[in-house]
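Asks: Here it is, the structure, as structure tokens.
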């Protein structure tokens, strides 16, 4: 199952992606408005066929895609990943009409998706969410808040997770929606096998996933300014109407949808981190080989050489953990939750170390606004928190080990 090397086709594809990121995507990212959704960048990602690959690729190919883009343009990588995260629940559990309405638009970069799970009091503890879905005739009314939502408030639709109280379903629908369309080529969902993310517990019961288009009455939002400018915001739901046609999957089974989505994307968050670490390592190799100090190049100083060796080792170890977790997902292995958590945990922590070491070895120039490492230094911090903080990943791993 573990992949220890890539075949020639994969290697060539990764090289092509790095070139595209540097030559075609980087200029569009630089021309965008910091902290806002970059729609021209999304359109170009769609034109290149990369957005569609987020939904059709294996987990391993998704990791290769994110790692390669991250080396040349972190903004393009993040824009692509957010489209995937917000749309994955539609791919996994959406009805035929939901998929027909949104997947072509997202794949072309014309529609912006968002994954609305976190709340002011429920970030890492996703099972504690309190957004209420109160029965209202043949549908529900959503009331509450979401916070730290990427692409909010500019997204065209939101995958929203809300609490529907058990036994409080709306009136029977005389024309029930068709069963969700499932992809026969997708690997079996490993999440029901074991793991805290899907084990039945009171906090995870009664959560339903809804597809909520922007513009619904009562839905408002505001941007949040971040350390590294990203389109992130808060959403307020004031009795926002949703119907049965807006449900993703089954009523009361939305938590499973959320965790299945995160299990697929956590290894690729690690891949994003590996891409940043590799970019920092490459810059450091070039700098230490050409920068003269104390009568010779920096690389001839043992303290510098050993530091670079440690950076390279951690980057490669992270890469192998990411690839192994992705292969576990693709083969439907039972240990997916643990492997995904390990990959996300180690890769994001390793990238933080590698980028920090790269800044140290470059000196003051790396802190100058506009330097590639200054950019990476701000970008690398967030992945240790989002989609499950480092501490949460350790908890998942430990619970998996103890069964």
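Asks: In region 231-269, which residues are under 24 Å from residue 382 (Cα atoms), touching a strand residue (DSSP E or B) at 6+ places or on another chain (Cβ under 8 Å) and assigned to a helix (DSSP H, G or I)? Walk me through how you get there before you give the answer.
Replies: Narrowing region 231-269 to residues under 24 Å from residue 382 (Cα atoms): 231-236, 255, 257-269.
This time we only want the ones that are touching a strand residue (DSSP E or B) at 6+ places or on another chain (Cβ under 8 Å), so: 231-236, 255, 257-258, 261.
Correct list: 255, 257, 258, 261.
Asks: May I pose another question? Kindly indicate whether residue 339 is surrounded by 15 or more Cβ atoms within 10 Å (Cβ to Cβ), in a helix (DSSP H, G or I), out of contact with any strand residue (DSSP E or B) (no Cβ under 8 Å at 6 or more places or on another chain) and at pLDDT below 95.
Replies: So residue 339 passes the test.
Asks: Need the failing condition index for residue 33 against (1) in contact with a helix residue (DSSP H, G or I) (Cβ under 8 Å, 6 or more places away or on another chain); (2) closer than 30 Å to residue 227 by Cβ; (3) outside any helix (DSSP H, G or I), just the number.
Replies: Looking at each condition in turn, residue 33 falls short on (1).
Asks: I'm checking my understanding of the structure. Among residues of region 208-229 that are part of a loop (DSSP other than H, G, I, E, B) and within 29 Å of residue 100 (Cα to Cα), which one is modelled with the lowest pLDDT? Show your work before the answer.
Replies: Applying the first criterion (part of a loop (DSSP other than H, G, I, E, B)) to region 208-229 yields 214-218, 224-229.
Restricting the remaining residues to those that are within 29 Å of residue 100 (Cα to Cα) gives 214-218.
Details: 214: 96, 215: 92, 216: 96, 217: 97, 218: 97.
Among those that are part of a loop (DSSP other than H, G, I, E, B) and within 29 Å of residue 100 (Cα to Cα), it is 215.
Asks: Sticking with this one: Among what's in region 17-36 and is more than 22 Å from the chain's Cα centre (by Cα) and without any contact (Cβ under 8 Å) to a residue 40 or more places away in the chain, pick the residue that is surrounded by the most Cβ atoms within 10 Å (Cβ to Cβ).
Replies: Step one: of region 17-36, the residues more than 22 Å from the chain's Cα centre (by Cα) are 19, 23-24, 27, 31.
Subset that is without any contact (Cβ under 8 Å) to a residue 40 or more places away in the chain: 23-24, 27, 31.
Numbers: 23: 11, 24: 17, 27: 12, 31: 10.
So the residue we want is 24.
Asks: While we're here: Starting from residues that are under 19 Å from residue 153 (Cα atoms) and out of contact with any helix residue (DSSP H, G or I) (no Cβ under 7 Å at 6 or more places or on another chain), keep the ones in region 69-109 and report whichever is surrounded by the most Cβ atoms within 10 Å (Cβ to Cβ).
Replies: Across region 69-109, the extreme among qualifying residues is 86.
Asks: Continuing with this model, one more query. Take residue 66 and decide whether it is surrounded by fewer than 20 Cβ atoms within 10 Å (Cβ to Cβ) and outside the structural domain of residue 326 (by TED's automatic domain parsing).
Replies: Values: surrounded by fewer than 20 Cβ atoms within 10 Å (Cβ to Cβ): no; outside the structural domain of residue 326 (by TED's automatic domain parsing): yes.
No.
Asks: Hey, another quick one. Under the condition of being in a loop (DSSP other than H, G, I, E, B) and either modelled with pLDDT of 95 or more or touching a strand residue (DSSP E or B) at 6+ places or on another chain (Cβ under 7 Å) (or both), which residue from region 106-121 is farthest from residue 75 (Cα to Cα)? Step through it out loud before you land on a result.
Replies: If we filter region 106-121 for residues that are in a loop (DSSP other than H, G, I, E, B), which is where we start, we get 108-112, 117-118, 120-121.
Those still in the list that are either modelled with pLDDT of 95 or more or touching a strand residue (DSSP E or B) at 6+ places or on another chain (Cβ under 7 Å) (or both) too: 108-112, 117-118, 120.
Working: 108: 18, 109: 15, 110: 17, 111: 17, 112: 15, 117: 22, 118: 22, 120: 26 Å.
Checking each candidate, the answer is 120.
Asks: Working carefully through the options 324, 366, find the one that is touching a helix residue (DSSP H, G or I) at 6+ places or on another chain (Cβ under 9 Å) and in contact (Cβ under 8 Å) with a residue 60 or more places away in the chain. Steps first, answer last, please.
Replies: On the way: 366 fails: in contact (Cβ under 8 Å) with a residue 60 or more places away in the chain.
Answer to the check: 324.
Asks: Restricting to region 361-378, give me the number of residues that are loosely packed, with under 13 Cβ neighbours inside 10 Å and either in a helix (DSSP H, G or I) or not assigned by TED's automatic domain parsing to the domain that holds residue 310 (or both).
Replies: Within region 361-378, the first condition is being loosely packed, with under 13 Cβ neighbours inside 10 Å, and the residues that meet it are 363-365, 367-370.
Of the ones still in play, those that are also either in a helix (DSSP H, G or I) or not assigned by TED's automatic domain parsing to the domain that holds residue 310 (or both) are 363-365, 367.
Residues flagged as loosely packed, with under 13 Cβ neighbours inside 10 Å and either in a helix (DSSP H, G or I) or not assigned by TED's automatic domain parsing to the domain that holds residue 310 (or both) within region 361-378 amount to 4.
Asks: Just to check your reading of the model, which residue among 201, 182, 244, 205 is more than 29 Å from residue 75 (Cα to Cα), at pLDDT 90 or above and in the same structural domain as residue 122 (by TED's automatic domain parsing)? Working first, answer last.
Replies: Numbers: 201 fails: at pLDDT 90 or above; 182 fails: at pLDDT 90 or above; 205 fails: at pLDDT 90 or above.
Of the residues listed, the single one that is more than 29 Å from residue 75 (Cα to Cα), at pLDDT 90 or above and in the same structural domain as residue 122 (by TED's automatic domain parsing) is 244.
Asks: In addition: Of all residues in region 69-103, how many are in a helix (DSSP H, G or I), over 15 Å from the mean Cα position of the chain (by Cα) and more than 19 Å from residue 246 (Cβ to Cβ)?
Replies: Adding up the residues that qualify gives 2.
Asks: Has region 271-289 got any residue that is touching a helix residue (DSSP H, G or I) at 6+ places or on another chain (Cβ under 8 Å) and more than 24 Å from residue 379 (Cβ to Cβ)?
Replies: Here is the first cut: in region 271-289, the ones touching a helix residue (DSSP H, G or I) at 6+ places or on another chain (Cβ under 8 Å) are 271-285, 287-289.
Now drop any that are not more than 24 Å from residue 379 (Cβ to Cβ), which leaves 289.
Scanning region 271-289, I find at least one residue that is touching a helix residue (DSSP H, G or I) at 6+ places or on another chain (Cβ under 8 Å) and more than 24 Å from residue 379 (Cβ to Cβ), so the answer is yes.
Asks: While we're looking at this one, here's another question. Looking for something in contact with a helix residue (DSSP H, G or I) (Cβ under 9 Å, 6 or more places away or on another chain) and more than 15 Å from residue 160 (Cα to Cα) - is there at least one such residue anywhere in region 231-252?
Replies: Step one: filter region 231-252 for residues in contact with a helix residue (DSSP H, G or I) (Cβ under 9 Å, 6 or more places away or on another chain), giving 231, 245-251.
Retained after the next criterion (residues that are more than 15 Å from residue 160 (Cα to Cα)): 231.
Yes - at least one qualifying residue is present in region 231-252.
Asks: In region 247-295, which residue that is free of Cβ contacts under 8 Å to residues at least 60 places away in the same chain and at positive phi is surrounded by the fewest Cβ atoms within 10 Å (Cβ to Cβ)?
Replies: 295
The values are calculated or read from the model by the stated rules, or taken from the named source; none is laboratory data. These numbers come from a predicted model, not from an experiment. Every residue, glycine as well, gets a Cβ built from its backbone with ideal geometry; the counts of neighbours run over all protein chains shown.
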